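The structure appears right after this line, and notes come after that.
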Amino acid sequence: MEDFITYDAPDEIGTLIHDVQEMVQTIHRYIIRQYQLDAENKDIQLKMLQAQINPHFVYNALFAIRMMAIIQGAENIQDIVDALWRMLKNSTARGKADFALKDEIQNVEDYIHILKTTNVHKFNVTYDIDPDLLELDCPKFIIQPVVENAIMHGVLPKQGFSTIKIAASRSGEGIVITVENDGLPISAARLDEVNSGLSQAHKGLGLNSIHQRLQLLYGEGAGLTITSDEESMKTVVEIRYGMKVKE
């Protein structure tokens, strides 16, 4: 707080000013403390909520819904629940050794299956994955967010049908995954902004977290590269990882 005007005369005005200052300072301290208590209370409530909504709770809820779908013969609901179940399992599995490229592809397929229940006539997805790569280690959730970004910003806003192509192949010491779509292209100005923002931690881009995570794991040779051609209506995100860290 800023200092009050000093009035040291030993009269009634001086006493009144002193009392008012004390009262204001007391109120100020009370407001600060109340704000701190409110913040602490909200934090406690959030932690309690997070503790209640844990993976086991969600597993049990999905299992109950799945059993109801089986009993009622609702195969479409059962399929969606199974897809959600696998996505939740993949998101909570720990350790790099237990997550391979095949798991990441499965995660993408489950996401697409769920999404297409409401946008079945909007797009199709094709896969061209080198079978020899399926059992190799793969960082979690490096493809699904890219596919989601393509759908939300390229495919769904476009009038008509679109195709998303996902491919994976070897490239020297590493692996290259490409996600191509023929939805609405990215403008040149926006493309420059997105690519320059990949390495900036403060940027609010979902793709930059993938780019930075890959570079931390595999070095500067890894990461994302985004290209988009307004004439051909093709946008390609290239995901590189597994390269040796440069000496």
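Failed condition for Leu207, given (1) open to solvent by 70 Å² or more (accessible area, probe 1.4 Å); (2) modelled with pLDDT under 90, with all others met?
Of everything listed in (1) open to solvent by 70 Å² or more (accessible area, probe 1.4 Å); (2) modelled with pLDDT under 90, Leu207 misses just condition (1).
In the range 162-176, what count of residues is obtained for those that are surrounded by fewer than 16 Cβ atoms within 10 Å (Cβ to Cβ) and in contact with a helix residue (DSSP H, G or I) (Cβ under 6 Å, 6 or more places away or on another chain)?
Count: 0.
Looking at the structure I just gave you, is Ile77 at pLDDT 70 or above, part of a helix (DSSP H, G or I), touching a helix residue (DSSP H, G or I) at 6+ places or on another chain (Cβ under 7 Å) and β-branched (Val, Ile, Thr)? Even if it seems obvious, please write down each step before you answer.
Values: at pLDDT 70 or above: yes; part of a helix (DSSP H, G or I): yes; touching a helix residue (DSSP H, G or I) at 6+ places or on another chain (Cβ under 7 Å): yes; β-branched (Val, Ile, Thr): yes.
It is true that Ile77 is at pLDDT 70 or above, part of a helix (DSSP H, G or I), touching a helix residue (DSSP H, G or I) at 6+ places or on another chain (Cβ under 7 Å) and β-branched (Val, Ile, Thr).
Which numbered condition in (1) in contact with a Leu (Cβ under 7 Å, 6 or more places away or on another chain); (2) within 20 Å of Asp110 (Cβ to Cβ) is the only one that Pro157 fails?
(2)
So for the range 145-161 (the condition being more than 15 Å from Val237 (Cα to Cα), among the small types (Gly, Ala, Ser), in contact with a strand residue (DSSP E or B) (Cβ under 9 Å, 6 or more places away or on another chain) and open to solvent by less than 40 Å² (accessible area, probe 1.4 Å)), does at least one residue qualify? If you could, list the steps in order and put the result at the bottom.
Of the residues in the range 145-161, the ones more than 15 Å from Val237 (Cα to Cα) are 156-161.
Cutting the leftovers down to among the small types (Gly, Ala, Ser) gives us 160.
Narrowing further to those that are in contact with a strand residue (DSSP E or B) (Cβ under 9 Å, 6 or more places away or on another chain): none.
No - not one qualifying residue is present in the range 145-161.
Can you confirm whether the range 188-196 contains a residue that is open to solvent by less than 40 Å² (accessible area, probe 1.4 Å) and of a type outside the set (A, V, I, L, M)? First the steps, then the outcome.
First pass over the range 188-196, keeping only residues open to solvent by less than 40 Å² (accessible area, probe 1.4 Å): 191, 194.
Still in the running and of a type outside the set (A, V, I, L, M): none.
Scanning the range 188-196 turns up no residue that is open to solvent by less than 40 Å² (accessible area, probe 1.4 Å) and of a type outside the set (A, V, I, L, M).
Among (1) surrounded by 15 or more Cβ atoms within 10 Å (Cβ to Cβ); (2) modelled with pLDDT under 85, which single condition is Cys138 missing?
Condition not satisfied by Cys138: (2).
Give the number of residues within the range 116-135 that are of a type outside the set (D, E, K, R) and open to solvent by 40 Å² or more (accessible area, probe 1.4 Å). Reasoning before the result, please.
We begin by selecting, within the range 116-135, every residue of a type outside the set (D, E, K, R); these are 117-121, 123-127, 129, 131, 133-134.
Now restrict to residues that are open to solvent by 40 Å² or more (accessible area, probe 1.4 Å): 117-118, 120-121, 124, 126-127, 131, 134.
Residues in the range 116-135 being of a type outside the set (D, E, K, R) and open to solvent by 40 Å² or more (accessible area, probe 1.4 Å): 9 in total.
Using the structure shown, decide if Asn107 is at pLDDT below 80, part of a helix (DSSP H, G or I) and either surrounded by 15 or more Cβ atoms within 10 Å (Cβ to Cβ) or among the β-branched types (Val, Ile, Thr) (or both).
In short, no.
Only one of these conditions is not met by Glu238: (1) open to solvent by 70 Å² or more (accessible area, probe 1.4 Å); (2) charged (D, E, K, R); (3) not in a loop (DSSP other than H, G, I, E, B). Which number is it?
(1)
Step by step: first the residues of the range 159-189, then only those that are at pLDDT 90 or above and among the charged types (D, E, K, R), then the one that is farthest from Asp132 (Cα to Cα). Which residue is that?
Top of the filtered list is Asp182.
Filter the range 110-140 down to residues that are in contact with a strand residue (DSSP E or B) (Cβ under 6 Å, 6 or more places away or on another chain), of a type in the set (Val, Ile, Thr), farther than 21 Å from Gly223 by Cβ and not in a helix (DSSP H, G or I), then give me how many there are.
2
The values are calculated or read from the model by the stated rules, or taken from the named source; none is laboratory data. As the structure is a prediction and not an experimental result, all values here were calculated from the model. Here the Cβ is made from the backbone with ideal geometry for all residues, glycine too, and neighbour counts use every protein chain on show. Heads up: the accessible areas ignore ligands, DNA and RNA and are worked out on the full protein's heavy atoms, side chains in. Shrake-Rupley method; radii C 1.70, N 1.55, O 1.52, S 1.80 Å.
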